[in-house]
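Read-outs: derived from the displayed coordinates by stated rules, not from any lab. All figures in this text were calculated on a predicted structure; none of them were measured in a lab. Positions of Cβ are generated from backbone atoms using ideal geometry, with glycine treated the same way; all protein chains shown enter the neighbour counts.
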Amino acid sequence: MKHFYSKIILLLFFTFTLNSFLFGQYILVDTSLSKEELIDKFIGTNTGCITISNINISGYNRSYDEISYGYFTKGTSNFDLSEGIILSTGKAKAAEGPNATLQSFYGINWGGDQDLIDILIQSNLPHDKILNATSLEFDFVSNLTTDQISFEYMFLSEEYRIDNCDYSDAFAFLIKKADNSEPYQNIALIPNTTIPVTTKTINGADRCKSFQEYFGGFNSRNSPTNFNGQTKVLKANAQIVAGVKYHIKLVIADHGDSYGLYDSAVFLKAGSFVGSKSLGSDVVLCPGKSETIDATTTNATAYKWYKDGVEISGETNATLVVNETGYYEVEITLNTGCSLKGHINVSVQEEPQIYQDRFSICDDDLDGKTQINLDEYTDRIVEDYYSAHQVKYFDTEQDAKDNISAGITNFELNDIQTSKEVWIRVQIGTCEPVIKKITFTLNNLSVANIIPPIEICDEDLSNDEEIILSDYIDDLITNIYGSPTYYLSEADAKNSRNAISVTQIINSDQTFWVRFKQNGLCENVAPLHFIFKQSGKSSTLKDVTICKGTTTTLDAGTGFDSYEWLHNGNKNQSITNVSVGTYYVKLGLNGCFYTQEVKVIEAEDPIIQSIEIQGSKVTIKVTGSTPPYFYSLDNGAFQSSNIFTNVTLGIHTVYVKSADNCTPISKEFSLIKLINFISPNGDGKNDVLDYSQLKSKINPKFVIYNRKGKLLFTGSEANNYTWDGKLNGQTLPSDSYWYIIEWTEPNSTQIQKFEDWILLKSTY
């Protein structure tokens, strides 16, 4: 068991060590300190020289993890401040790195700050929707023999994003004499300006760069803090009178929305709230140069100099010679035991670099001249160009060296002056300028081939034709670079305006313009000419109907340049002995061709649907084929009427032909003797209506109705198709009755039908 416990202890030790190493990369925030403890951290060693009273801190405070203020240390991270106070518009603990989550904490009933709103209004800054405010305020009296008080801070925000140039949270450092009604003064300003610090005024985003020298950068995922970006270490300064009580309020709040999106925070450096010794403005050294910083102070007993937070060994004088970049601080001990601090940023100015000295210029609007605005080329000539670069252009190198004029700002290149040399002079501060020749040359235009007008045939005679302009580019342009654009006019093409689609519909001759570029050359324009042409359609060539087993002649008519019958290649105007089918002829006219279809159709035979017989009257009903129809009985003359009268008893043949005048069709029918009177009195004469001969027919029908249309009798095999004038065994009364007889002759499909009246004479 002894060895088991040893392993557990070792494992716990390793886990603790690993966690300490991982979390040591990020800042640590402690929200357990009281307001007095926080102020002690802020004032540091000068508590004997600065009297603090009336301390108050406000913000969000619900639990250990939901407090908007606290104490921070950098741990083993590379954060620019070792320790201090954090005031946040969100949860202070959420400020700990890495930069892996978006801070957008919204505390219920967590309002804004009226003093902050007032100073925003005074500074003409946006002041709508101020909420989630955190503030630290206190009274102080300085007993230091200085007229300045200062402290160091950084501003960090989730609103630092490379795409945000539009909004910023609000914060201010407010100071005034205590116990009076005079307005606050905001000392959270960009150094040596009256401009308040915001994400908009100090920014490194490409489209809204502003005071980049004070921008610390956009943070990566492994940043010590969980913020997207930050300023460098800044210093707030205030003019005071020793022995007079002042009130200071440090406040930050969310701005611009109703839910506290995109949190921000200010980090106040511990021990930095001290009397300030001014060391002058930040120093920018020219390459190879040095400068002396003077911190001489009355009643000073000792000086300590620091570079980037590390004491400089042996430097105890009131002055310090600097020749390299760094953040320099001096700590001055007074004969009272109190101390003053001063700081200054020193940077070595890099020599401007010229990375492009030749420009090939294009006449983009193709008007034969191009205006060169030199300012538009500066950021392409000077590497990492920014506002500190003093840039001028001159006609000669000597003018650039002498710097005796304002220089030149623009010039023109044209067909006569196709090239020009200018001299650029780039200087930063008082450092030696860089002077170099820059050459501008008017580049040659791309060249199109000369091609004849393009003939477009309306192949379907629709009076318009779709064209794809890009289909014709290979002939017009060789060695093309990129994709051409198309226009309706030359002016539009030259000015790159009103581009059109590559798909166009034309219905007449038309010219389109192409704007194109070839490798190594400037853009140019060229025309595409189109000639709209049509063939023609034959008005004489129409569909033909022929009789079965016959042929015909197809004639395309005159007026065409060429003919081609596609089924056999015949190139004549007409073709003969054409049987039933679909034919195509290619008609040539005006250099274009139209393919026309024509059909040869076989005439249909008419169909005799029925033959209706009423006594000696016969009615022929026909469908199909081509009306009108013509009728003949027993090879007699054809007539247009389908009715024949006075037809005799016996077998007959009817002939029918259509308007196509093809071979007639025929059908036989029988006219049987019709009986129109019966007297079922038992005398053996006309006692029954006998149509027993229907038994030899196909599908016979024999029915009798009364005047009211009531069915009285249906003939069948059972009753031998014979009616005795009775209904259900009872003789019907004397009256007229209606009968219908139908049948189909054997070996025929033709229905024959008879309808007529019959008189029943009854003894009833």
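Give me the percent of Cα-Cα pairs in the stretch 235-352 that sit more than 17 Å apart, rounded to a whole number. Counting every Cα pair in the stretch 235-352, those more than 17 Å apart make up 66 percent.
For the stretch 569-659, which trypsin sites (Lys or Arg not before Pro) are both in a DSSP coil and crowded by at most 14 other Cβ atoms within 10 Å? Don't skip to the answer; put the middle values down first.
Numbers: sites: 571, 586, 599, 617, 621, 657; in loops: 571.
Taking the stretch 569-659 and a limit of 14 other Cβ atoms within 10 Å, the loop trypsin sites (Lys or Arg not before Pro) found are 571.
Equivalent-ellipsoid semi-axes for the stretch 607-670 (Cα gyration tensor, √(5λ), whole Å, largest first): 19, 11, 10. Helix content alone sets the calculated 222 nm mean residue ellipticity of the chain: runs of n ≥ 4 DSSP H residues at -39500 (n - 2.57) each, divided across all residues, give -2000 deg cm²/dmol. Across the stretch 701-710, computed HN-Hα scalar couplings (Karplus, 6.51 cos²θ - 1.76 cosθ + 1.60, θ = phi - 60°) run 9, 9, 9, 10, 10, 7, 4, 8, x, 7 Hz from first to last residue, x flagging Gly and Pro. Count Lys and Arg as plus one, Asp and Glu as minus one, and take only other residues whose Cβ is under 14 Å from that of residue 718; the net charge is then -1. For the pair the stretch 383-409 / the stretch 470-515, the C-alpha centres are spaced 43 Å from each other.
Residue order for 262, 481, fewest other beta carbons within 10 angstrom first, comes to 481, 262. Going from the residue with the fewest nearby Cβ atoms within 10 Å to the one with the most, 162, 546, 424 rank 162, 546, 424.
Cβ crowding within 10 Å ranks 160, 327, 631 as 327, 631, 160, fewest other Cβ atoms first.
Would you give the gap between the C-alpha center of the stretch 547-584 and the C-alpha center of the stretch 159-223, rounded to a whole Å? The stretch 547-584 and the stretch 159-223 have Cα centres spaced 91 Å from each other. Overall, the chain carries a charge dipole of about 3020 debye about its Cα centre when +1 sits on the Cβ of Lys and Arg and -1 on the Cβ of Asp and Glu, all other atoms neutral. Membrane-span-like helices in the chain, defined here as complete DSSP H runs extending at least 24 Å along the helix axis by their C-alpha atoms with mean Kyte-Doolittle hydropathy no lower than 1.0, are 2-23; this is a sequence and geometry rule, not a statement about a membrane. Taking a sphere under 14 Å around the Cβ of residue 358 and counting the other residues whose Cβ falls inside, with K and R at +1 and D and E at -1, yields a net charge of +2. Calculated from the structure at hand, P(r) over Cα pairs in 10 Å bins from 0, in percent is found among (1) 2, 9, 11, 10, 9, 8, 7, 6, 5, 6, 7, 7, 6, 4, 2, 1, 0, 0; (2) 3, 12, 17, 18, 16, 13, 10, 7, 4, 1, 0; (3) 3, 13, 22, 25, 20, 11, 4, 1, 0 as (1). With a sphere of radius 12 Å drawn around the Cβ of residue 461, what net charge do the other residues whose Cβ falls strictly inside it have (Lys, Arg +1; Asp, Glu -1)? Residues close to residue 461 contribute a combined charge of -3. Applying the Karplus relation 6.51 cos²θ - 1.76 cosθ + 1.60 with θ = phi - 60° to the stretch 202-217 yields 3J(HN,Hα) values of 10, 7, x, 5, 4, 8, 8, 4, 7, 6, 4, 5, 10, 8, x, x Hz, where x marks Gly and Pro. With q set to 0.19 Å⁻¹, the log10 of I(q)/I(0) for the stretch 199-288, from the Debye formula over equal scatterers at the Cα positions, is -1.21. In whole Å, how far is the Cα centre of the stretch 608-660 from that of the stretch 30-104? Their Cα centres are 117 Å away from one another. Note on the chain: dipole from Cβ charges, positive end direction compared against 116, 453, 570; the farthest Cα belongs to 570.
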